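K.L.:
One structure, as structure tokens, below. Some questions next.
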């Protein structure tokens, strides 16, 4: 079964602005680069993932992704939002005949290859299915595993978890919410960094 991971990435210079109270612009760029590198390296270790596809409008992001042997998709200009960027990436994957896609943010520093393998093992390959991993607030979508790739419309934004879940249920698909702690911590706020580093912001970024 052909499964691709799709990772949308903001321009490094614009990433993690909510961390500006604790990290300088240079530190935020380094953090973003290291988290994307971590994501790509861990996904490369997952046997059941055929490809990793990074979508971004930042040439630096796309260059880093290609150095790590990932496929890349350039976003359209002017920028029309995360959901449209993901549609563009999904269409590229579908031209290669993929059976399922796994959408992940690049900022999951606790993620390891085995967590993704465990998630893929829970998919129902013989029927339409959607597996969702929530963020730690149980509102956002930190992982979306969709079989087929276009089972639901992308609805990232407020309450995306509930919207994605209901959309798949409305189509009679198998839906499962997977609480994998290592995939539920994304890095958006200083409090997320504190959880990652045990309350200390002076340790290395990753």
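The values are calculated or read from the model by the stated rules, or taken from the named source; none is laboratory data. Just so it is clear, the structure is predicted and the values come from calculations on it, not from any experiment. FYI the Cβ positions are ideal-geometry reconstructions off the backbone, even for glycines, and counts take in every protein chain you see.
K.L.:
So is residue 132 assigned to a loop (DSSP other than H, G, I, E, B) and either within 18 Å of residue 4 (Cβ to Cβ) or in contact with a helix residue (DSSP H, G or I) (Cβ under 7 Å, 6 or more places away or on another chain) (or both) or not? Give the steps one after another, and end with the answer.
P.N.:
Working: assigned to a loop (DSSP other than H, G, I, E, B): no; either within 18 Å of residue 4 (Cβ to Cβ) or in contact with a helix residue (DSSP H, G or I) (Cβ under 7 Å, 6 or more places away or on another chain) (or both): yes.
Spelling it out, it is not the case that residue 132 is assigned to a loop (DSSP other than H, G, I, E, B) and either within 18 Å of residue 4 (Cβ to Cβ) or in contact with a helix residue (DSSP H, G or I) (Cβ under 7 Å, 6 or more places away or on another chain) (or both).
K.L.:
Could you say whether any residue in the stretch 165-174 is under 27 Å from residue 11 (Cβ atoms) and either in contact with a strand residue (DSSP E or B) (Cβ under 8 Å, 6 or more places away or on another chain) or surrounded by fewer than 19 Cβ atoms within 10 Å (Cβ to Cβ) (or both)?
P.N.:
no
K.L.:
In the stretch 58-74, how many residues are surrounded by 21 or more Cβ atoms within 10 Å (Cβ to Cβ), touching a strand residue (DSSP E or B) at 6+ places or on another chain (Cβ under 8 Å) and either part of a helix (DSSP H, G or I) or modelled with pLDDT under 95 (or both)? Please lay out each step first, then the result.
P.N.:
Step one: of the stretch 58-74, the residues surrounded by 21 or more Cβ atoms within 10 Å (Cβ to Cβ) are 61, 64-65, 73.
Pick out the ones that are also touching a strand residue (DSSP E or B) at 6+ places or on another chain (Cβ under 8 Å) and you get 61, 65, 73.
Now restrict to residues that are either part of a helix (DSSP H, G or I) or modelled with pLDDT under 95 (or both): 61, 65.
Total meeting the criteria: 2.
K.L.:
How many of the residues making up the stretch 75-121 are touching a residue at least 60 places away in the same chain (Cβ under 8 Å), in a helix (DSSP H, G or I) and touching a strand residue (DSSP E or B) at 6+ places or on another chain (Cβ under 7 Å)?
P.N.:
Looking only at that region, the number is 8.
K.L.:
Got at least one residue in the stretch 17-37 being in contact (Cβ under 8 Å) with a residue 60 or more places away in the chain, crowded, with 19+ Cβ neighbours inside 10 Å, under 17 Å from the mean Cα position of the chain (by Cα) and under 23 Å from residue 179 (Cα atoms)?
P.N.:
yes
K.L.:
Considering every residue within the stretch 186-195, establish whether at least one is assigned to a helix (DSSP H, G or I) and either modelled with pLDDT of 95 or more or crowded, with 20+ Cβ neighbours inside 10 Å (or both). Give the steps one after another, and end with the answer.
P.N.:
Start the filter on the stretch 186-195 by keeping residues that are assigned to a helix (DSSP H, G or I), which leaves 190-195.
Then drop every residue that is not either modelled with pLDDT of 95 or more or crowded, with 20+ Cβ neighbours inside 10 Å (or both), which leaves 193.
Yes - at least one qualifying residue is present in the stretch 186-195.
K.L.:
For residues in the stretch 3-36 being assigned to a helix (DSSP H, G or I) and touching a helix residue (DSSP H, G or I) at 6+ places or on another chain (Cβ under 7 Å), which is modelled with the lowest pLDDT? Don't jump to the end; show me each part of the working.
P.N.:
Narrowing the stretch 3-36 to residues assigned to a helix (DSSP H, G or I): 12-14, 17-19, 25-36.
Of the ones still in play, those that are also touching a helix residue (DSSP H, G or I) at 6+ places or on another chain (Cβ under 7 Å) are 12-13, 19, 28-29, 32-33, 36.
On the way: 12: 94, 13: 89, 19: 92, 28: 92, 29: 94, 32: 95, 33: 95, 36: 96.
In this case the residue turns out to be 13.
K.L.:
Follow-up. So, of the residues in the stretch 90-111 that are surrounded by fewer than 21 Cβ atoms within 10 Å (Cβ to Cβ) and at pLDDT 95 or above, which turns out to be nearest to residue 156 (Cα to Cα)?
P.N.:
Out of the qualifying residues, it is 91.
K.L.:
Suppose we filter 161, 132 for residues that are over 25 Å from residue 41 (Cα atoms) and either in contact (Cβ under 8 Å) with a residue 12 or more places away in the chain or surrounded by 21 or more Cβ atoms within 10 Å (Cβ to Cβ) (or both); which single one remains?
P.N.:
Among 161, 132, only 161 is over 25 Å from residue 41 (Cα atoms) and either in contact (Cβ under 8 Å) with a residue 12 or more places away in the chain or surrounded by 21 or more Cβ atoms within 10 Å (Cβ to Cβ) (or both).
K.L.:
Also, I was wondering about something else. Please verify whether residue 55 is in a loop (DSSP other than H, G, I, E, B), surrounded by 15 or more Cβ atoms within 10 Å (Cβ to Cβ) and at pLDDT 95 or above, treating the condition exactly as stated. Break it down into steps so the answer makes sense when it comes.
P.N.:
Values: in a loop (DSSP other than H, G, I, E, B): no; surrounded by 15 or more Cβ atoms within 10 Å (Cβ to Cβ): yes; at pLDDT 95 or above: yes.
So residue 55 fails the test.
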